Every structure is written in structure tokens, then in C-alpha cells.
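Reviewing the structure listed below.
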Amino acid sequence: MKLTGWTAPGGSEELALAFGDGGTQRLLVLPAWFDEGNKLRHVTIETMRALERLGVASMLPDLPGCNESLAPLDKQDLPSWRAAAVEAARQLGCTHVLAVRAATNIAPDLPGWAWVPLAGKSALRAMLRAQIIASKEAGNAETSDGLCERSKAGGLVLAGYRLGAEMVAGLAEAELPHSALTSVTQAEIGGPGLWLRAEPEHDQAQAEALARIIAAGLLA
Amino acid sequence: MTDTVPAMHSDQFEAELILRGVLADVLGLSPERVAAFDADTGLFGHLPELDSMAVAGLLTEIEDRLDVLIEDDEVDGDMLETFGALLAFVLAKRADG
């Protein structure tokens with residue numbers, strides 16, 4: 001594994017993890033978002049290690065505002081992330097893409113896979129619901145509509161993530177795109193979705209299964 | 001007449017099994033551990049790992065697997081506090097649907 005870098009369209013210098021080298025094909029891995037991103041980071045990286053063992057090189061860029069990025073998350077929105085994903089693919093020389101969960105919403109126009117894709121609106125709904133539950137415990141009644149309305153004045157902090165008004169509005173409308181990506185279902189991977197876990201946990205068998213599916217498609 | 005009663009019971013039984021399955025996946029517990037949950041087993045507020053984000057995921061998964069829609073204003077601490085309360089809520093939603 002090597003650390004490399006790329007420059008986002010907004011000018012920020014971002015990191016990327018590079019696994020494997022050689023070969024004519026290289027996979028761009030777009031990680032899951034927000035809370036799911038934390039829960040799936042381990043299995044995502046182990047999938048890339050497993051791909052390297054199978055002879056497939058892959059790249060995991062930080063999106064602006066995520067992970068080690070110094071760019072402010074609340075200045076990002078869906079179009080800026082889409083542009084960032086396209087630019088990361090170009091600069092990192094990727095020919096294929098693996099979009100994990102909600103990252104399917106910003107996948108560049110490359111062949112590849114979507115692991116249990118999640119519409120942006122569903123990702124937002126889960127975070128709004130978490131906020132409503134937390135507020136209710138604190139004695140405040142809130143609704144999804146009320147939170148979305150409040151967001152227009154300056155964004156929202158949801159599940160600890162400061163999202164800008166544009167991001168919240170974009171997510172609220174985001175259906176799953178009709179992409180050319182092949183959906184990988186959890187039934188194909190085996191075992192429960194690790195994004196569901198209350199505590200982040202790893203399952204090596206899931207990483208190996210996902211890597212085998214991708215390698216079989218890429219190296220066929 | 002007699003054949004509708006067992007059908008309803010089997011639907012309740014199925015819903016309970018599915019709910020236990022969702023809890024096993026969220027809590028990372030074995031099916032045996034979750035099979036031992038009874039009506040008084042504490043959930044939200046009793047299990048530190050079951051935070052608001054995990055509960056939100058739990059509810060979304062319940063919606064998907066049990067084909068129900070849970071409204072914002074139906075979600076409260078009481079309905080999430082014990083396995084019995086959550087099961088009663090889910091069965092009532094299924095009966096409505």
C-alpha cells in the first residue's frame with residue numbers, strides 16, 4: 001500500500017491510498033459516506049488488499065471534506081463530489097470504479113460495480129432520523145421536514161457531520177442514478193451488511209467475496 | 001373461519017423472527033443470543049452501542065424487511081426501549097398495513 005495524492009477541482013490537495021501496481025486496468029474505489037464510511041472503511045481497505053493479491057490495482061481517494069481532507073465538508077455538494085470523483089479517476093489513471101453504498105450517487109462514467117447502492121435520499125433520511133431520535137431524547141420534537149427547512153438557512157449538523165444547505169437539498173432529491181454499474185447484492189457477498197452494525201466490525205470473508213467478484217469481472 | 005387464526009399467528013411469528021434477525025445484524029450477536037431476548041430485554045438506552053445512528057439504521061432495515069413505513073412522529077424512546085415494545089410496535093404496523 002502506498003500513499004499518493006491528487007488535486008480536487010476546488011484546488012485542495014487530497015490523499016489517496018494505492019494498492020497494487022501494473023496491469024492495464026485500475027479500480028477507483030469510492031468509499032461509503034458519513035457514518036457508513038466509518039463502519040465500512042476496514043472492509044473496504046481489506047477488499048483492496050485482497051484485490052491486490054488477485055492481481056488488481058486499486059485507488060481509494062479522499063473526497064474533499066472527508067477523511068484526511070482539509071477542505072471544509074460544508075462547502076461540498078453532490079455536483080462538487082461528482083466532479084471530484086471524475087477528476088480523481090482521471091489523475092489516478094483508473095479504468096473502472098467500485099462505488100460503495102451512497103457513493104453510487106457520484107460515480108463517474110466508468111464501467112464497474114456498486115456494492116449495495118444507497119440512494120442519496122435514503123442516506124439523508126437515516127441521518128435525519130438519527131437526529132430526530134437524539135433530539136427526542138433531549139426533549140425536543142423535530143421532524144425531517146422541519147430539519148430540511150432549517151437547513152436552508154445554513155446547513156445542518158447530522159450525526160456529527162456538518163453538511164451545507166446545498167448538500168442537504170441535493171441529497172433530499174437524489175434517487176439512485178441509472179448507471180451502467182453492476183449492482184453487487186449483500187446476498188452475493190454473504191453475511192449481514194456491516195453498515196448496519198452499531199459498532200464498526202470487520203468481516204474478512206466479505207472483503208474476499210467482493211474482491212473475487214470484481215477480479216473475475218476485470219480479469220475475464 | 002378456523003384457518004384464518006393460524007395464518008395470523010404465523011404472520012406474527014414471521015415478523016418476530018425477522019425483527020430478531022435485524023437485531024442480530026445490528027448488534028452483531030449470534031441468532032442464539034437474540035433468540036434469548038424476551039419482552040423485557042432492554043434496547044435503546046440500555047445497550048451503549050445502540051446509539052441514535054444505529055437505531056436509525058435499525059428502523060430503516062425493519063422498514064425494508066417487514067415492508068412497513070415508520071413515520072418520524074412514531075419514533076420515540078418508549079417504543080425502542082425494550083424488545084417487547086419494539087415487537088408490539090412492529091406487529092401493530094403490520095396489522096395496519
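The values are calculated or read from the model by the stated rules, or taken from the named source; none is laboratory data. Just so it is clear, the model here is predicted, and its values are computed rather than measured. Cβ: placed from backbone, ideal geometry, glycine included. Neighbour counts: every protein chain shown.
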Exactly one condition in (1) touching a residue at least 60 places away in the same chain (Cβ under 8 Å); (2) more than 30 Å from A:GLN131 (Cα to Cα) is not met by A:SER58; state its number.
(1)
Single match in A:THR24, A:THR95 (criterion: surrounded by fewer than 20 Cβ atoms within 10 Å (Cβ to Cβ), at pLDDT below 95 and among the hydroxyl-bearing types (Ser, Thr, Tyr))
A:THR24
Counting only residues that are assigned to a loop (DSSP other than H, G, I, E, B) and of a type in the set (D, E, K, R), which one in the stretch B:46-74 is farthest from the other protein chains (Cβ to nearest Cβ)?
B:ASP67
Per-region count, the stretch B:9-45, residues free of Cβ contacts under 8 Å to residues at least 40 places away in the same chain, surrounded by 11 or more Cβ atoms within 10 Å (Cβ to Cβ) and either over 16 Å from the mean Cα position of the chain (by Cα) or at the interface with chain A (Cβ under 9 Å from one of its Cβ atoms) (or both):
7
Looking only at the stretch A:92-139, which residues are assigned to a loop (DSSP other than H, G, I, E, B) and closer than 22 Å to A:ALA169 by Cβ?
A:ALA107, A:PRO117, A:LEU118, A:ALA119
Considering only the stretch A:142-191, give the strands (runs of 3 or more DSSP E) lying wholly within it that have at least 2 residues that are closer than 13 Å to A:GLN131 by Cα and aliphatic (A, V, I, L, M).
A:156-158
Scanning for something at pLDDT 95 or above, within 14 Å of another protein chain (Cβ to nearest Cβ) and surrounded by fewer than 20 Cβ atoms within 10 Å (Cβ to Cβ), does the stretch A:129-143 turn up at least one residue?
no
